[in-house]
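K.L.:
Take a look at the following structure, please.
The values are calculated or read from the model by the stated rules, or taken from the named source; none is laboratory data. The structure presented is a predicted model; accordingly, all values stated were derived computationally and were not measured. Here the Cβ positions follow ideal geometry from the backbone for every residue, glycine too, while neighbour counts run over all protein chains shown. The area values use the complete protein model at the heavy-atom level, side chains included, leaving out ligands, DNA and RNA. Shrake-Rupley method; radii C 1.70, N 1.55, O 1.52, S 1.80 Å.
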Amino acid sequence: FGLIVLSLVVTVGTASAQRPEGGRLGGGMLRGMGAGMLLRSEAVQDELKLTAEQKEKLASLAAGRQRDGGGRNLREMSQEERQEWMAEMREQAEQAEKKMDEILSDEQRTRLKQIRLQMMGPTAFGDPEFAKELGLSGDQKEKLEQLQGRIRQARQDGNAGENIRQRFTNAVMDMLSPEQKEKLESLRGKPFDTSALQLGGRRRN
């Protein structure tokens, strides 16, 4: 549980400014499944063409983060202790993100962000950084919030159905302009088989 929370701290708490095309890995567009978790996948490592030296450095960095995040029982902490712990983890996450940023090349960082965006699917539209890059208008953001509200309500009522993700995607795509759709394809890059991803790092058979 602690490692799951740590991974969320890494992705949610790292809100550093992004450089264009191949910039820093942090920021809003890396919420959810973080860069570190994606880099554990052999499929992603192969796609980025990581060298043996890069893999070794990333593995060492991940091992250090696991040691820093373990040994604490969040359920036994007070609210103040949790906040202090989260602040510590956020600071460690920022340092880890900077080190990860140094390990990868600009081209690798760009491709990793593209894979990350494909993995997020329609949830990416609710990310402020992504909305800014895509150029969503105030009216579009309002419609998006309404769509998200209806989906949340449908899930609560048990009426979401298995195709909820596709329905949301179709609704969002319908409200995008041709220019925004073109920008979206550019941000996503060439298709990546996200079904090949597995948190443990091995390919799915």
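K.L.:
Mind checking the full-extension length gain between ALA52 and ILE164? Use 0.36 nm per residue of separation minus the Cα-Cα distance, one decimal, nm. Present the calculation step by step, with values, prior to reporting the outcome.
P.N.:
Numbers: separation 112, 0.36 × 112 = 40.32 nm, distance 4.06 nm.
Once the chain is fully extended between ALA52 and ILE164, it gains 36.3 nm.
K.L.:
While we're on this one: Quick check on my link table: of LYS57/LYS190; LYS49/LYS141; LYS132/LYS190; LYS99/LYS143; LYS55/LYS190; LYS57/LYS132, which ones sit more than 29 Å apart, alpha carbon to alpha carbon?
P.N.:
On the way: LYS57/LYS190 27 Å; LYS49/LYS141 37 Å; LYS132/LYS190 21 Å; LYS99/LYS143 38 Å; LYS55/LYS190 23 Å; LYS57/LYS132 33 Å.
The answer is LYS49/LYS141; LYS99/LYS143; LYS57/LYS132.
K.L.:
Heavy atoms only, 1.4 Å probe, whole protein assembly: order ARG167, ARG155, ARG75, ARG188 by accessible area, highest first. Could you put the intermediate results ahead of the total?
P.N.:
Working: ARG167 110, ARG155 150, ARG75 205, ARG188 75 Å².
Sorted by accessible area, descending: ARG75, ARG155, ARG167, ARG188.
K.L.:
Expected output is a single nm value to one decimal: the length gained when fully extending between GLU80 and SER195, i.e. 0.36 nm times separation in residues minus the C-alpha distance. What is it? Before the final figure, lay out the partial values.
P.N.:
Working: separation 115, 0.36 × 115 = 41.40 nm, distance 3.95 nm.
Between GLU80 and SER195, full extension yields 37.4 nm more.
K.L.:
Where the accessible area of the range 145-187 is counted over protein heavy atoms with a 1.4 Å probe, how much of it, in %, is carbon and sulfur?
P.N.:
Values: 1340 of 3140 Å².
Reported share for carbon and sulfur atoms: 43 percent.
K.L.:
Any idea of the accessible area per residue across the range 100-171, 1.4 Å probe, to the nearest Å²? All intermediate terms of the calculation are to be shown ahead of the outcome.
P.N.:
Details: 4070 Å² over 72 residues.
On a per-residue basis, 57 Å².
K.L.:
While we're on this one: For THR51, THR169, give me the order by solvent-accessible area with a 1.4 Å probe, most accessible first, ignoring ligands, DNA and RNA. The partial results should precede the final answer.
P.N.:
Details: THR51 70, THR169 35 Å².
Per-residue accessible area, sorted high to low, gives THR51, THR169.
K.L.:
Now for a separate question. Please identify every one of the GluC sites (Glu not before Pro) in the range 60-153 that sits in a loop by DSSP and has no more than 14 other beta carbons within 10 Å of its own beta carbon. Numbers along the way, then the final one.
P.N.:
Working: sites: GLU76, GLU80, GLU81, GLU84, GLU88, GLU91, GLU94, GLU97, GLU102, GLU107, GLU129, GLU133, GLU142, GLU145; in loops: none.
For GluC sites (Glu not before Pro) across the range 60-153 that sit outside H, G, I, E and B with at most 14 neighbouring Cβ atoms in 10 Å, the list is empty.
K.L.:
What residues of the range 83-102 lie in the reach of a label at ALA63, counting those whose backbone N is under 17 Å from a point 7 Å from the Cα along Cα→Cβ?
P.N.:
Those under the cut-off are 100.
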